[in-house]
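What follows is a set of notes on a single structure, which appears directly below.
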Amino acid sequence: MKKRLLILLGVISCFIACKEQEKTQKKDKPNFIFLFADDYTYDAINALGNAEIKTPNLDRLVTTGTTFTNAYNMGAWNGAVCVASRSMIISGLSVWDAQKKYEAWKKDQDLEHTWGQYMKAAGYETYMGGKWHVTAKTQKVFDYVKNERPGMPKDRWDHAAMVKTFAELPKDINPATVMPLGYNRPKDEKDTLWNPADPTHGGYWEGGTHWSEVVKNDAVAFLDETKDREKPVFMYLAFNAPHDPRQAPQEFLDMYPLEQISLPKNWQEVYPDRVGIDNDYQLRDEALAPFPRTAYATKKHIQEYYALITHLDQQLGEIWKKVEETLDPKNTYIVFTADHGLAIGKHGLIGKQ
């Protein structure tokens with residue numbers, strides 16, 4: 001009887017020890033907070049040399065972490081570079097192999113070969129919030145999904161309809177005159193039809209709370225909810241910012257007076273090969289500013305771009321603060337990157353296509 005009791009006690013002790021070891025191993029695994037921006041140019045971080053922009057939290061990442069300054073987007077199989085970029089990130093594959101996954105995910109195939117599923121298999125609680133723009137269904141990739149967003153905030157640009165409109169216009173009518181609100185602007189200093197701080201224009205303001213703040217609020221809530229759980233977390237936080245329409249609260253726009261904004265050194269009024277690359281009015285993100293470019297219009301777009309980035313930076317700082325409150329900061333990796341860059345005035349270009 002004593003022998004059986006000793007054996008039973010030994011089994012229980014071993015079970016408890018194994019459980020404690022398993023618990024310790026889980027806690028030893030690092031947490032990952034992946035911060036993903038949209039249309040973020042390589043030179044829009046103060047600590048990396050741009051003295052005009054205010055990015056205190058990204059500066060902190062630069063000064064306390066590692067920066068990769070020679071990372072490039074591999075390209076795309078279509079004009080929207082972000083779709084291919086995000087498929088590469090989620091699959092871990094190069095561009096053409098990622099395209100195969102992109103097609104498979106449409107049919108709910110190969111979902112186990114996604115970043116979220118890999119992390120889940122490794123013992124992580126996985127979370128996604130914000131922009132997706134990948135064919136795989138988020139609910140089949142992550143444990144938790146909050147406020148999934150489309151490729152960009154709601155826009156008044158119907159590509160097929162606009163191209164048809166341009167084609168049917170008399171030759172003496174400038175296509176720019178029929179563009180929706182928010183495009184071909186500003187024409188001059190008196191053009192105030194579009195106000196990036198006006199919530200009635202929708203876009204990032206749709207729903208009543210700025211989309212960057214929604215991603216941050218959801219992330220902070222999730223960190224509070226999971227702070228006492230045993231599993232490590234993997235959070236994929238994808239912001240639509242600073243993609244157009246570049247809307248931010250007025251206080252952030254006020255940080256960037258036009259007289260303090262410089263034009264890029266390689267700024268041009270017209271990209272010389274515009275016609276050869278079909279860079280005309282129908283190319284949506286190039287149609288945001290008037291043709292030919294003016295110094296005033298370019299500076300306005302840079303101003304709005306910087307304001308949206310600084311607003312985004314504020315949200316990143318609040319997420320970081322919550323990470324330090326709820327997770328072990330010494331055992332947590334915070335990664336910031338973007339799907340691709342943006343011209344935003346360089347070479348007479350505004351967009352990325």
Scope the range 226-247; condition out of contact with any strand residue (DSSP E or B) (no Cβ under 6 Å at 6 or more places or on another chain) and closer than 30 Å to residue 184 by Cα; matching residues: 241, 242, 243, 244, 245, 246, 247
Residue list for the range 291-315, restricted to those being touching a Ser or Thr at 6+ places or on another chain (Cβ under 9 Å) and farther than 19 Å from residue 244 by Cβ: 314
Some residue of the range 59-67 being assigned to a helix (DSSP H, G or I), in contact with a Leu (Cβ under 7 Å, 6 or more places away or on another chain) and within 30 Å of residue 264 (Cβ to Cβ): yes
Any chance residue 318 is within 18 Å of the chain's Cα centre (by Cα) and surrounded by fewer than 18 Cβ atoms within 10 Å (Cβ to Cβ): yes
Residue match in the range 171-184 (condition: assigned to a loop (DSSP other than H, G, I, E, B) and under 30 Å from residue 98 (Cβ atoms)): no
Selection from the range 153-170 of residues that are touching a residue at least 40 places away in the same chain (Cβ under 8 Å) and not in a loop (DSSP other than H, G, I, E, B): 159, 162, 163, 166
Tally of residues being assigned to a loop (DSSP other than H, G, I, E, B) and either among the aromatic types (Phe, Trp, Tyr) or under 20 Å from residue 339 (Cα atoms) (or both) across the range 108-152: 14
Residue match in the range 205-228 (condition: more than 30 Å from residue 144 (Cα to Cα) and modelled with pLDDT under 95): no
Residue in the range 147-155 that is touching a helix residue (DSSP H, G or I) at 6+ places or on another chain (Cβ under 6 Å) and surrounded by fewer than 19 Cβ atoms within 10 Å (Cβ to Cβ) present: yes
Criterion violated by residue 263 - all others in (1) within 18 Å of the chain's Cα centre (by Cα); (2) of a type in the set (A, V, I, L, M, F, W, C); (3) part of a loop (DSSP other than H, G, I, E, B) satisfied: (1)
Residue 125 surrounded by fewer than 23 Cβ atoms within 10 Å (Cβ to Cβ), within 22 Å of residue 316 (Cβ to Cβ) and more than 18 Å from the chain's Cα centre (by Cα): yes
The range 194-249, residues that are over 20 Å from residue 350 (Cβ atoms), of a type in the set (Lys, Arg) and crowded, with 20+ Cβ neighbours inside 10 Å: 216
Inter-residue pairs, beta-carbon under 8 Å, first part of a loop (DSSP other than H, G, I, E, B) and in the range 194-210, second crowded, with 16+ Cβ neighbours inside 10 Å and among the charged types (D, E, K, R), 6+ apart: 194/185; 196/246; 196/304
Residue among 286, 304, 325, 269 that is outside any loop (DSSP other than H, G, I, E, B), surrounded by fewer than 20 Cβ atoms within 10 Å (Cβ to Cβ) and of a type outside the set (Gly, Ala, Ser): 325
Count - residues of the range 163-177 that are surrounded by 10 or more Cβ atoms within 10 Å (Cβ to Cβ), farther than 20 Å from residue 187 by Cα and at pLDDT 90 or above: 3
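The values are calculated or read from the model by the stated rules, or taken from the named source; none is laboratory data. If you're wondering where the values come from, they're calculated on a predicted model, not measured in any experiment. Note that we place each Cβ from the backbone using ideal geometry, even for glycine, and neighbour counts take in every protein chain shown.
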